[in-house]
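Since the structure comes first, as structure tokens, the remarks are kept for the end.
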Amino acid sequence: MAQEQRLELRLSQKLILTPQLQQSIKLLQLPLLELSQEINQELMSNPLLEERSEKEDEVLNETPGTVSEEEPVQEAFDDAEAPLEKIFGFTSDNYFEERESDGRDLGYFYEAADETTSPFERNRKKTDLYEHLLWQLRLSHVPEKLGKVAEIIINNLNEDGYLQASLEEIANLAGVDPETAGEALSFVQTLDPPGVGARNLQECLLLQLEPLNLKGTFVEKVLLEGFSELEGKKYRQLAAKFRTSIEEVLAAVKIIEGLEPRPGRNYSGDEPVHIVPDVYVEESEGKFIITLNDDGIPRLRLSNYYRKLLANKQSLGPEERQFLEEKLRSAIWLLRSLDQRNKTIYKVTECILKFQEEFFRKGPEFLKPLNLRDVAEALGMHESTISRVTSNKYIQCPQGLLNFRFFFSNAVSSSKGDISSSTVKDMIKQIIAEEDPAKPLNDKKIVEILKERGINVARRTAAKYREELKIPSHIKRKKWF
């Protein structure tokens, strides 16, 4: 068959996301911290964007007509609107004047850092595990060759202090024989904290016995020969295995439980991450007030200087004008996307508040089943939009700080109608909290208690909810002393 080249005209329809629309979708799903970083990046790359000062915010919040004629900011706005009308057919001021029409402040502002904080407090850093071990290594009198291998071992420890590489890999990295790598590991395992450099939990616990003068005791024997039974809390089997009393086994177990399974935990250099709510819901005089959190978010405006340049047709060349006009389009779209993001989050929060009003007023047991489709249909939006709004965002309400996804759960049948699966999880958590530690409840018994309360769930469902709550099985929950 002969090959040939030819031109054809075809008509087709395609759904293409423009860069501006992609940016709008991206901003919608960003949490506060990432949103602040994104806006700061735009501020650095787009000369048409500026950050308003607190003084200018006070001026713009005044009643129209009260601003002095000598105010330079306001005078600059009057001469710079022509490019906006030319490119977009409307002015940015006209577009955003509706932002405060409903009594909500949907803008952004930046809260300055506390200047009263001592520089020593701001720069203070907690010593991490690696620095602590390297400090001990430098103070130790070990041969240089062995010290280099020990440093490689320290650099291959995880945050909990466990060695992640094998001795063969360490030997290959250091260019030494496995015996030298083993000597270096033995040295690292003598450093503080006790148990560091272990390759598994059993070795970690055994390394902690020598500083406590427990080498050669029954505790070491349990760890060496009965570790599998110890993990499964099969204490009676341990007593039979070592031909001793259950009391002696429990005494050894109590000592073992006092050891540290993660020796590097106290030297973690990671600072605790504090969750910042995206929305506040407060009750006042029987009504709920929704407030969007914009702390730390720069409050943006268009640059007066570049708008005046665009207004003057003779001040710019073709390339400069094209560049600034593109940046102006980008700035206007960013402002529009941020405004739309705030309005969408507000509407979704308002809809959730409407569906879950009893929860906000009475507590977790009144949480109703809800899914993304219910909110999407109520607001006339797509489910994907609701999913982006509720992703990685938190709401501060009278019931505490909660993830938006907390309000969405499946329905579970009960004698009083369908209830939320989150409510059932809370009941299971409460039932287990009230159980006798010496005789913990198994999943079958938990199902029976739920049935007595009018809630019908299968045993597998109850086990799944328990695992989602990260609650171990009844065997591992049993307390022997």
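Just a few scattered comments:
- Which listed residue, of Ile39, Ile25, is in a helix (DSSP H, G or I), modelled with pLDDT of 80 or more, within 24 Å of Val279 (Cβ to Cβ) and in contact with a Pro (Cβ under 6 Å, 6 or more places away or on another chain): Ile39
- The criterion of being under 26 Å from Leu353 (Cα atoms) and touching a Lys or Arg at 6+ places or on another chain (Cβ under 8 Å) does not hold for Ile455.
- Residues that are touching a Pro at 6+ places or on another chain (Cβ under 6 Å) and either of a type in the set (Val, Ile, Thr) or within 29 Å of Phe404 (Cβ to Cβ) (or both), drawn from segment 284-315: Asn293
- Across segment 168-186, the number of residues qualifying as under 21 Å from Leu205 (Cα atoms), under 39 Å from the mean Cα position of the chain (by Cα) and surrounded by fewer than 18 Cβ atoms within 10 Å (Cβ to Cβ) comes to 1.
- Residue in segment 224-245 that is more than 27 Å from Val196 (Cβ to Cβ), of a type in the set (Ser, Thr, Tyr) and out of contact with any helix residue (DSSP H, G or I) (no Cβ under 8 Å at 6 or more places or on another chain) present: no
- Filtering segment 384-403 to residues that are without any contact (Cβ under 8 Å) to a residue 60 or more places away in the chain and within 15 Å of Phe360 (Cα to Cα) leaves Gln399, Gly400, Leu402, Asn403.
- Output for segment 419-439, where each listed residue is touching a Pro at 6+ places or on another chain (Cβ under 8 Å) and within 14 Å of Leu367 (Cβ to Cβ): Ile419, Ser420, Ser421, Ser422, Thr423, Asp426
- Qualifying position, being of a type in the set (A, V, I, L, M, F, W, C), modelled with pLDDT under 90 and either touching a Lys or Arg at 6+ places or on another chain (Cβ under 7 Å) or under 30 Å from Thr291 (Cα atoms) (or both), among Phe120, Phe109, Phe88: Phe109
- Per the listing Leu173, Leu224, the residue uniquely in a helix (DSSP H, G or I), among the aliphatic types (A, V, I, L, M) and closer than 23 Å to Leu137 by Cβ is Leu173.
- Among residues of segment 271-309, those that are assigned to a loop (DSSP other than H, G, I, E, B) and either among the acidic types (Asp, Glu) or closer than 30 Å to Arg361 by Cβ (or both), counted: 11
- Residue in segment 377-395 that is farther than 25 Å from Ile25 by Cβ and in contact with a helix residue (DSSP H, G or I) (Cβ under 7 Å, 6 or more places away or on another chain) present: no
- Annotation: Lys479 fulfils all but one of (1) assigned to a loop (DSSP other than H, G, I, E, B); (2) surrounded by 12 or more Cβ atoms within 10 Å (Cβ to Cβ); the unmet one is (2).
- For Ala463: the one exception among (1) small (Gly, Ala, Ser); (2) closer than 29 Å to Gln237 by Cα; (3) in a loop (DSSP other than H, G, I, E, B): (3)
- Candidates in segment 438-464 are the residues that are exposed (fewer than 13 other Cβ atoms within 10 Å of the Cβ) and aliphatic (A, V, I, L, M); of these, the one that is farthest from Leu250 (Cα to Cα) is Ala458.
The values are calculated or read from the model by the stated rules, or taken from the named source; none is laboratory data. Keep in mind that what you see is a predicted model, and the values were worked out from it rather than measured. Glycine gets a Cβ as well: all are built from the backbone with ideal geometry, and neighbour counts include every protein chain shown.
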